[in-house]
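A.B. asks: What follows is a single structure, and I will ask about it in a moment.
The values are calculated or read from the model by the stated rules, or taken from the named source; none is laboratory data. Keep in mind the model is a prediction, meaning the values are calculated, not measured. Cβ placement follows ideal geometry from the backbone for every residue including glycine, while neighbour counts extend to all protein chains displayed. We work out accessible area using only protein heavy atoms, side chains counted, and drop any ligands, DNA or RNA first. Shrake-Rupley method; radii C 1.70, N 1.55, O 1.52, S 1.80 Å.
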Amino acid sequence: MATFTIIRDPEFELVSEFAQPDAKKRLSLGEAVRGARAYNIYRNSLGQLILDPVKTIPASEAWLYENPEALASVKRGLRDVAEGKTVYLGSFARHAKG
């Protein structure tokens, strides 16, 4: 199993007390779920579980996250835009297809 930090915020609150699984070993999360649609589930040797909300990306966009140099370049570009470090190069309309 991967060794990385899962807990990014150590402040937990009790959401449900003494929740019991049904006959099929399912737990209802009810109010504990806030908008997430998918989770990674982690279990330690004591049987404690952590649900880590995740979002999916289209396979056609995964390459960016798998390429550290390209991702760093995109992040630099977004930071430059946010800091106003841009230069107008004119219209690129003539290069558009269609």
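A.B. asks: For residue 2, which of the numbered conditions (1) at pLDDT 85 or above; (2) in a loop (DSSP other than H, G, I, E, B) fails to hold?
C.D. replies: Exception for residue 2: condition (1).
A.B. asks: In the stretch 55-86, how many residues are more than 30 Å from residue 12 (Cα to Cα), open to solvent by 70 Å² or more (accessible area, probe 1.4 Å) and polar (S, T, N, Q)?
C.D. replies: 2
A.B. asks: Name the single residue that is farthest from the chain's Cα centre (by Cα) among those in the stretch 45-54 being open to solvent by 100 Å² or more (accessible area, probe 1.4 Å) and not small (Gly, Ala, Ser).
C.D. replies: Taking the stretch 45-54 first, the residues open to solvent by 100 Å² or more (accessible area, probe 1.4 Å) are 45-46, 48-49.
Now restrict to residues that are not small (Gly, Ala, Ser): 46, 48-49.
Details: 46: 26, 48: 22, 49: 18 Å.
If we take residues in the stretch 45-54 being open to solvent by 100 Å² or more (accessible area, probe 1.4 Å) and not small (Gly, Ala, Ser), then 46 is farthest from the chain's Cα centre (by Cα).
A.B. asks: Kindly evaluate residue 89 against the criterion of being at pLDDT below 90 and open to solvent by 70 Å² or more (accessible area, probe 1.4 Å).
C.D. replies: No, not satisfied.
A.B. asks: If you don't mind, another one. Report, ordered by the first and then the second residue, all pairs with beta carbons closer than 6 Å, sequence separation of six or more or different chains, a first member in the stretch 57-70 that is in a helix (DSSP H, G or I), and a second member that is charged (D, E, K, R) and modelled with pLDDT under 95.
C.D. replies: From residues that are in a helix (DSSP H, G or I), there are no pairs.
A.B. asks: Going by the conditions given, is residue 26 of a type outside the set (Phe, Trp, Tyr), free of Cβ contacts under 8 Å to residues at least 24 places away in the same chain and over 30 Å from residue 77 (Cβ atoms)?
C.D. replies: Spelling it out, residue 26 is indeed of a type outside the set (Phe, Trp, Tyr), free of Cβ contacts under 8 Å to residues at least 24 places away in the same chain and over 30 Å from residue 77 (Cβ atoms).
A quick yes/no check of all residues on (1) open to solvent by less than 90 Å² (accessible area, probe 1.4 Å); (2) in contact with a helix residue (DSSP H, G or I) (Cβ under 9 Å, 6 or more places away or on another chain); (3) acidic (Asp, Glu):
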| residue | (1), (2), (3) |
| --- | --- |
| 14 | no, no, no |
| 22 | yes, no, yes |
| 34 | no, no, no |
| 40 | yes, no, no |
| 43 | no, no, no |
